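Reading through the structure tokens given below for one structure.
Just so you know, all these numbers are worked out from the coordinates, no wet-lab data involved. Fair warning: this is a prediction, and the values are worked out from it, not measured in the lab. Cβ: placed from backbone, ideal geometry, glycine included. Neighbour counts: every protein chain shown.
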Amino acid sequence: MTTRHMTGTREEWLAARLELLDAEKELTRRSDELARRRQALPWVRIDRKYQFETDEGSASLADLFRGRSQLLVYHFMFGPDYTAGCPSCSAIADGFDGFVVHLANHDVTLSAVSRAPLAKLQAYRRRMGWTFPWASSSGSDFNFDFNVSFTEEQQRENVVEYNYQRGGHAMDATPAPEPVAQFAATCGTDAPTYSRDRPGMSGFVLEDGVVYHTYSTYARGLDGLWGMYQWLDRAPRGRNETGIWWRRNDEYDRR
């Protein structure tokens with residue numbers, strides 16, 4: 001059987017690859033510039049006192065730094081009523097353990113934070129085989145203040161603001177799109193309950209005992225954290241998606 005994809009000689013491939021290389025280099029330069037702009041954002045002092053539950057006990061936001069000056073928080077979708085963590089967040093988190101040790105030795109702590117009670121987070125972490133720090137913000141306004149959790153009233157009145165805009169996200173649609181309903185079911189809940197928590201990532205810095213918020217990103221802004229997608233973007237058929245195909249790491253048929 002002959003492939004439908006364009007074929008060519010090694011010389012033709014090399015010429016096309018060199019042209020692509022120029023574009024790839026330009027993209028890395030643009031990415032470097034974006035990183036500099038992220039780091040140049042003004043810092044916002046956090047005076048509100050947040051409390052978290054961790055493996056070591058009750059903790060403040062400053063405690064989550066674990067003695068380092070920088071903290072990266074992944075806002076993991078695991079609401080109080082979920083029976084399991086979001087599959088998409090789980091796919092992202094599968095890469096965390098490999099990064100944690102390197103970041104820790106570069107003055108950066110990586111931690112997940114979710115609204116579910118700590119016991120649920122600990123049980124799910126054991127199931128997934130993870131060891132990275134994971135704190136519960138149950139009873140705290142932390143998730144709400146950083147726009148990754150919302151109330152039933154906000155949903156009902158259609159005033160959910162996520163990813164720096166009001167409405168327009170698939171999780172706000174009524175009725176819920178099939179992928180949202182499907183994921184909600186895998187988390188043991190319904191679509192509206194599932195959608196009251198959203199994914200995100202926030203950065204913080206600790207200076208002279210003061211915590212500052214430095215950066216947050218949501219939705220497609222998290223794309224670079226999906227290790228599997230960075231590999232797929234370099235695979236012959238790319239992401240090649242026609243729907244939701246990924247699962248939690250223990251839900252695949254082992255091959």
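Who wins for biggest fluctuation among Asp172, Asp55, Asp47 in a Gaussian network model of the chain, springs between alpha carbons below 10 Å?
Asp47
How much net charge surrounds Leu121 when only other residues with a Cβ under 12 Å from its Cβ are counted (Lys, Arg +1; Asp, Glu -1)?
+3
Once both labels are modelled 7 Å past Cα along the beta-carbon direction, what's the Glu161-Ala181 spacing in nm?
Simple spin-label model gives 3.1 nm for this pair.
So for region 1-122, averaging the separation of alpha carbon pairs under 8 Å that are six or more residues apart and normalising by length, what relative contact order in percent results?
Relative contact order comes out at 23 percent.
Choose one answer from Ala219, Ala173, Ala16: the residue with the largest mean-square fluctuation in a GNM of the chain with alpha-carbon springs under 10 Å.
Per the Cα network of the chain with a 10 Å cutoff, Ala16 tops the list.
Quick one: longest stretch of the chain between exposed loop GluC sites (Glu not before Pro), exposed meaning at most 12 other C-beta atoms within 10 Å and loop per DSSP?
Within the chain, the longest run free of exposed GluC sites (Glu not before Pro) spans 57-156.
Roughly how many debye, to the nearest 20, is the charge dipole of region 73-143 about its Cα centre, given +1 on each Lys and Arg Cβ, -1 on each Asp and Glu Cβ, and no other charges?
260 debye
Using only the Cα atoms of region 111-245, what semi-axes does the equivalent ellipsoid have when each is the square root of 5 times a gyration tensor eigenvalue? Give whole Å, largest first.
Computed over region 111-245, the values are 24, 22, 18 Å.
Full extension from Glu33 to Ala62: what is 0.36 nm times the residue separation minus their Cα-Cα distance, to one decimal in nm?
Length gained, Glu33 through Ala62: 7.5 nm.
What is the spin-label model distance, in nm, from Asn105 to Gln51 if the labels are put 7 Å beyond Cα along the C-beta direction?
With each label placed 7 Å out from Cα toward Cβ, I get 3.7 nm.
What FRET efficiency do you get for Ala16 and Glu241 if R0 is 22 Å and r is their Cβ-Cβ distance, rounded to the nearest 0.05?
That pair, Ala16 with Glu241, gives E of 0.35.
I want the antiparallel fraction of DSSP beta bridges within region 1-139, as a percent rounded to 5.
35 percent
Spit out the partnerless Cys residues in the chain, using Cβ distances under 4.7 Å as the pairing rule.
Here Cys187 come out as lacking a disulfide-compatible partner, given the Cβ-Cβ threshold of under 4.7 Å.
Using a Gaussian network for the chain with springs between C-alpha atoms less than 10 Å apart, which of these wobbles most: Leu72, Leu232, Leu27?
Its mean-square fluctuation being the largest, the pick is Leu27.
What is the angle, in °, between the Cα long axis of helix 118-128 and the longest principal axis of the Cα atoms in the chain? Nearest 10 is fine, range 0 to 90.
Relative to the chain, helix 118-128 is tipped by roughly 20 degrees.
Does region 1-157 classify as rounded, prolate or oblate by the C-alpha gyration tensor (a ≥ b ≥ c root eigenvalues; a/c under 1.5 gives rounded; else a/b over b/c gives prolate, otherwise oblate)?
prolate
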